[in-house]
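Student: One structure coming up, written as structure tokens, with questions to follow.
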Amino acid sequence: MEEQLGTGSGPVPHLRVSDAERDRAAGLLAKACSEGRLTLDEFSQRVEVVLIATTQSDIDGALADLPRGDAVDVVYKSPLPETGWLVGVLSGSDRKGRWRPKAKMKALAFMGGVNMDFRNAVIEGPEVQITAISFMGGIDIVVPEGVNVHVGGFCFMGGRSVKLAEVPLIPGAPVINVRAFSIMGGVSVRTKRSRSRLIDAIHQVLPPGGGPGAAQLPGRPAKSKGAKAERQRNQVLGARDALALATEILDQLAGRGYPVGTMGGSAPRRGRLAPDGTVTILFSDISGFTEITELVGDGASQELLATYFTIVRAQVSAHGGYEVKCHGDEAMLAFSGAGQAVRCAIDIQRSLATYNEQHAGAPSRAHIGLHTGEAIRDRGDFLGRTVILASRITDEAEAGEILVSSLLHELAAASTDLTFSSARTVSLQGVSDPQVLYPVLWR
């Protein structure tokens, strides 16, 4: 029996493994991750394989390109340069793909944005400490599922969002400590599945054998039937996660250049988390869309509408905003910083002006209104007086104009790159007190 188990000549691939062997393989993966041989996402994927492994061949596949036993003790140093600072001042800074963070990192967003994606980061050591400082800007931190994350710090007229998937922690995974300080800005920490795991999960929630349209899904072929496939299918998260995964698939397809109309027209593409706390709400409407439809017809007006939403979505993504909804000819957006929102509105108007210069026919012009304040979150939507005021301000704006509330003007007036025209006092529908509004000079 001892010979059959392979004690003299190594493990036998087709024989079943014990819990002790699974734990040892997980320990080897953890050590390889701490040495920088595996990224966090690679580590989490392989640990899942070894923890549900039934035979030695399953474990061998997860460890195939890694040194075994004493060879793991060889010191390995990643050739990637270390990143210790990420700064976004009136601009953006991103780190994604394969990169190497220092054990202690700092991120600063000053009226700009910083994005850090740790899913494919090469982390050397058991812990990464991140000090994230956001002043009228946004910082987005993405981590793999199952990684131990601690978030602390404080906010002043800003927001901090922590959205981590409710999955078991991965044994041996590095710890990510985030100290978030936001002043009229936002810091978000969230989990997000990699593309390969996303496609696997989508296949698992499909009925066995696929379903309508399954052949068109990108990625890997469907899993074969059997006990292992059934066990993996049972690990899929609930309907809420399935919806989030489907939204991410839509984002990926849109990024490949599929026309907006092919993905359902006005379906939101929320690449970011909805901001918490004090938010800036932006409404953007096409001016005179009914008249445009009468002039050019339904087909041409719908093409114009699709182009308009494409421009809006490109700018909200570039400025770190959140698409709440697009309905009819109106887009509702939310931002964690007032400056972000105004700059997004300016670039929407400039993009529309450029489009009109390059295309003959009916011009596409928008009137935009913004207001800052507390809002009630309702499953990705926003409700309350702040939203109502932003909508009424938009109604007051003329074609090609951006109007902001007096509160937003006070928050953003110190920005040297933003210019406002003289204030005007107006009466808004449904609002008892007169409101002081400021046009933004964007041309």
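Student: Report, to the nearest whole %, how much of the accessible area of segment 268-390 belongs to carbon and sulfur atoms, 1.4 Å probe, protein only.
Tutor: 51
Student: So what's the net charge close to Thr131: Lys and Arg +1, Asp and Glu -1, counting the other residues with Cβ under 10 Å from its Cβ?
Tutor: Charge balance near Thr131 sits at +3.
Student: For segment 346-405, with only Lys/Arg (+1) and Asp/Glu (-1) charged at the beta-carbon, what is the dipole magnitude about the Cα centre, in debye rounded to 20?
Tutor: 140
Student: Sort 50-58, 383-391, 368-376 for me by packing, meaning the mean count of neighbouring Cβ atoms within 10 Å per residue, highest on top.
Tutor: Going by the mean number of other Cβ atoms within 10 Å, highest first, we get 368-376, 383-391, 50-58.
Student: Rounded to the nearest whole Å², what accessible area per residue is found for segment 378-438 with the 1.4 Å probe?
Tutor: 51
Student: State to the nearest 20 debye the size of the charge dipole of segment 340-443 about its Cα centre, where the only charges are +1 on K and R beta carbons and -1 on D and E beta carbons.
Tutor: So the dipole magnitude of segment 340-443 works out to roughly 100 debye.
The values are calculated or read from the model by the stated rules, or taken from the named source; none is laboratory data. Everything quoted here is computed from the prediction, not taken from an experiment. Counting neighbours? That spans all protein chains shown, and the Cβs are built from the backbone with ideal geometry, glycine included. Heads up: the accessible areas ignore ligands, DNA and RNA and are worked out on the full protein's heavy atoms, side chains in. Shrake-Rupley method; radii C 1.70, N 1.55, O 1.52, S 1.80 Å.
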